[in-house]
Each structure stands twice: as structure tokens, then as C-alpha cells.
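Presented below is the structure to which this report refers.
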Amino acid sequence: MSARSLRRTRTTAACALAVAAATGLTACSGLTPGGQTKAASDVPVSTKIPTDKVTLTVVSSENAGTTKALAKAFEAAHPQVNIDFQYTAPEDYDKSLNLKLSSDSAPDLALLNKLGTTVKAGLLRNLDPYVDAYDWKTTYPSTQLDQWRARDNGQEIGVGHQWAAPAGFSVVGVYYDKPLAAKLGIKAPTDRLEFEAALAKAKAAGQLPIQLGNLQGHSSFIVQSVIDSSEGAGYTSAWVHGKPGSSVLSRGGWDGARTLASWAKAGYLPPGANGNDLPASVAEFTKGKGLFLFDGSWDAQVIEKAMPGKAGFFPFPGVGGRATGIGTSVAYAIPAKAEHPDVAAAFLDFMNTPEAAKIQFATGFLPVAHADKVKAPAGDVMNDVAKGWKAVNDDNGLVNFFANSTPTMNDTLTSTSQQLIAGKITPETYLKALQDDWAKGHK
């Protein structure tokens, strides 16, 4: 998601989340090529942490405090381990990452904003042995790990080897104005028919059904939510991850494109949607202008502060009641030249514990696991977000942002959606543009 504008928000710490806040985690700017080195995959691994003093070096562009807090908790549990957290601003981090990974003083853990050249250049350690040693396939939903799996060429995602493990997530769903919903006699929809009925009821009552800022293409949240729920997480994840032969020219694709067009034509979206950005639409929503808002968990605290106890959240209703959600994570990889890979893996494994879940939640991210162990104050919208996140994970329904499918997809989503909402192109033209961009990006 190239939410370039939101790289400067609270999550500008990790492009993966900074961008998430923008439109859906797009890949960050290109990485500087580094030296070739074979990723260690056949070296024996251990889950035991040495009793001698160890310093674990971690490089990152995450500044929300999550990694630091996780490091402090890990050190408390293992006093012999000292974690040296080295922060670099996002705009400089990716430019220098490959050089850091290829140097003789490579870190033990490195935040990844995307796969690609780091994998192709052999700069990362294949984590498959640790996946087996720690049984991560049981701990994590497969859709969480799949976002950080790739073939050795770093291209097709979701297959091949595991190169990184998540440290905290964000997810997109639907916020709703609880007082306005109550006034209209509407409850949180549990299926598509109920959602469509709520839109019609709000419009008939003179209320704006959906608040939206589409200056940077955030209507993609609507389109993708519909497609994900219609096709299922597996189908759309394959498209986002570049699986050969994948296509958005499908039943669900037509549903998503035509839904956005029909909602715009029916007056369900604000007239000035194409001129407002996401923060502006959030501000309008908190002022009571809009029954629903498609947005990510990163804005939950902003919404709660502006309308305490008055906002709810739910995953967009899927087929058969299965929950899907657009989202991705901050993730860390072990460099091929890491001095302490086993200790680094132990720290990664700590990130999916109940203790880590509370830390991730308290610092603004959704937990890697144990979403049922986190809780915000009564009435806080984050409780709904946590429940929605648990439902998405229980149904293995997480899908990466469409904007992350190619380097140029965010621009395509933005320009074509603005024309679609304005009635200047057809849903078919819009959808074909997305598929053409995908085909060009996955030659």
C-alpha cells in the first residue's frame, strides 16, 4: 500500500504500518543492493538460550515503542540477554538496509518493510527450521506467516521459505457510529444483505451511509473488502502475492468494482470524496457525518478520543459468516550473517506469547496471537477491534493490501477509483486496469 502520506503518521515507524495507515501497506522505496551471501537453512538450530551474556542487535524503523517494549520484557525473562535496539528513520532505513545486512557486523534482527532484493541477494536466513522447532504453524494463522514467505527469487509471496516473523498487525474493517445506528434502528450487520439494508435505511433517513476520503485511493478498502468476502481470503491472497495465473477479473472482482460504482451512484458516499484524504474523512466521521467508515485499526485511538464510547467496529460481513480482513504486520528477519540467530529466533517466538500480545496491543498494534487476552477500557472501540481481529484469525481470513501487489498498484487504484466514483469509467474498465497493472508487475 503506498500510503505515502501516512508514512508520517504514528506508524511511520514501520513502512509496513505507516503505509498501512495510508491505503494498505505498499512496498517501501527500493533497497540498495548488497553483497551476495548464502542464506543459512541447513545449519542446526536450537531453542535453548545460552546462559552466558549475549547482546542481540536489532535494527528497525519502528518508532511506536512496540519493539522496545517487547525487548524490555524479553530481557526481564532472560537477564543474560541485552537487546541493543538501533532506530533509523523510515526515509533512510530502506536505503541502507541491504548494506547493513551484507556487512561483517550485520545485526541479529532486522525489520523488513518488504521482501524482494533482501531475499534474492541471499541476505536473510531461511527461518523454516525455526518454524518447525517452535511449531509456528500451530501458533500463527497461515495467512500471517504467508505474508513473509517467498521463493528464493523474492518474487511470488505466500510460497517457498519463511523469511520473517510478525511482531504486530493492523487490520481494516468497518467503524460505525453507535448513537446514529441506534437512532436508525440499525445493529452491526452480520451479513452482506444486512449491510446493504443499513445503507439504504441511512440514506432514506437523510444520513450519509458511508464516510470516505479517496484523495489517495482509500476506496480500495471498500472494493477489496467486498472481493475478499466474496472470493475468500485464499483466492485474493494469491492475487496480491503474485501467484501465476491469478486474476481479479472474477465473480468477486466484478462484485467489488460494481459495488463501489453503485454505492457512489446511489449517493451512499460523500460528494467530495475524491477531494478528501483519510485523516479528513476520519475527522468528518467523528463529527457524526457518516454511519460507516472503512478504515484500519491504526485510527482506533484517534476515533475513540474524538467520540469516546460512541464508535463500534466489525469485520466486513463475509459469505457464510466467515470473517476476512485487510492487513499486514511489522515483521523481523534474521540476517544470514547474524551472530546470534538462535537467540534472535527465541525473541521472535516471544512475540507470539500472551505477554507480548498485551504489549503489542498497548502500543497500538494488534497482537500476533492471543487476541482474546487483550482488553481496552469498557466501551473503547479497541475492544471491538480486538474481537474483529480474533474473528479474522480464527477464520484464517487475513489478506494483504491490494496496493502491495505491485509497485504501481496504489497509483492505479487511486486514479481509476476516482474516475469510477465520478462516473467517468465503467466498473469493467476499472477492474481491467487493476489486472493490467498486476500483469505488468508480475512479468
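On full extension of the chain, what length is gained from Lys424 through Asp52, given 0.36 nm per residue of separation minus the C-alpha to C-alpha distance?
Taking Lys424 through Asp52 to full extension adds about 127.2 nm, to one decimal.
Treating only the Cβ atoms of Lys and Arg (+1) and Asp and Glu (-1) as charged, compute the dipole magnitude of the chain about its Cα centre; round to the nearest 20 debye.
1020
Taking a threshold of 23 Å on the Cα-Cα distance, which of the pairs Lys305/Lys387; Lys203/Lys287; Lys68/Lys310; Lys243/Lys387; Lys72/Lys120 fall above it? Walk me through the numbers on the way to the answer.
Numbers: Lys305/Lys387 20 Å; Lys203/Lys287 18 Å; Lys68/Lys310 32 Å; Lys243/Lys387 31 Å; Lys72/Lys120 33 Å.
Result: Lys68/Lys310; Lys243/Lys387; Lys72/Lys120 exceed 23 Å.
Arrange Ser417, Ser250 by Cβ neighbour counts within 10 Å, fewest through most, would you?
Exposure proxy ranking, most exposed first: Ser250, Ser417.
Please report the Cα spread of the stretch 115-192 along all three principal axes, rounded to whole Å, starting with the longest.
58, 27, 21
Using Cα centres only, tell me the gap between the stretch 384-400 and the stretch 127-166 in whole Å.
Here the answer is 19 Å between Cα centres.
Is the stretch 213-371 rounded, prolate or oblate when judged by the Cα gyration tensor, a ≥ b ≥ c being the square roots of its eigenvalues, rounded requiring a/c under 1.5 and prolate requiring a/b larger than b/c?
oblate
When a/c reaches 1.5 or more, the comparison of a/b and b/c decides; with that in mind, is the chain rounded, prolate or oblate per its Cα gyration tensor?
prolate
What shape does the stretch 323-443 take by its C-alpha gyration tensor, where a ≥ b ≥ c are the square roots of the eigenvalues and a/c under 1.5 counts as rounded, a/b above b/c as prolate, and the rest as oblate?
Judged from the Cα gyration tensor, the stretch 323-443 comes out oblate (a/c at least 1.5, b/c at or above a/b).
What is the extension gain from Leu184 to Thr117, computed as 0.36 nm multiplied by their sequence separation minus the C-alpha to C-alpha distance, in nm to one decimal?
Separation in residues times 0.36 nm, less the Cα-Cα distance, equals 18.9 nm.
So, counting K/R as plus one and D/E as minus one, what does the shell of residues with Cβ under 13 Å around Lys48 add up to?
Net local charge, Lys48 excluded: -3.
Relative contact order, percent, of the stretch 126-280 when contacts are C-alpha pairs under 8 Å separated by at least 6 residues?
Relative contact order comes out at 22 percent.
In whole percent, what relative contact order does the chain give with Cα contacts below 8 Å and a gap of six or more residues?
24 percent.
So who's got an amide H within less than 5 Å of the one on Thr328, skipping anything under 5 residues away but keeping other chains? H placed 1.01 Å off N, in plane.
Amide H to amide H, under 5 Å and 5 or more residues apart or across chains, Thr328 pairs with Ser170.
Could you give the length gained on full extension between Ala362 and Thr408, defined as 0.36 nm per residue of separation minus the Cα-Cα distance, in nm?
Contour length minus Cα-Cα distance gives 13.2 nm.
Taking the Cα centre of each part, how many Å lie between the stretch 311-378 and the stretch 280-307?
For the stretch 311-378 versus the stretch 280-307, the Cα centre distance is 23 Å.
Can you pull out the trypsin sites (Lys or Arg not before Pro) in the stretch 71-177 that DSSP calls coil and that have at most 13 other Cβ atoms within 10 Å?
Those that pass, being in a loop and sparsely packed, number zero.
Any idea what the relative contact order of the stretch 120-208 is, in percent, if you count C-alpha pairs under 8 Å spaced at least 6 apart? Could the numbers behind the result be given before it?
Details: 66 pairs, mean separation 17.3, N = 89.
The normalised contact order for the stretch 120-208 reaches 19 percent.
None of the figures in this text is laboratory data; all of them are computed from the coordinates on show. What you see is a predicted model, and the numbers here were worked out from it, not measured in a lab. Don't worry about glycine lacking a Cβ; one is built from the backbone with ideal geometry, like all the others, and counts go over all protein chains shown.
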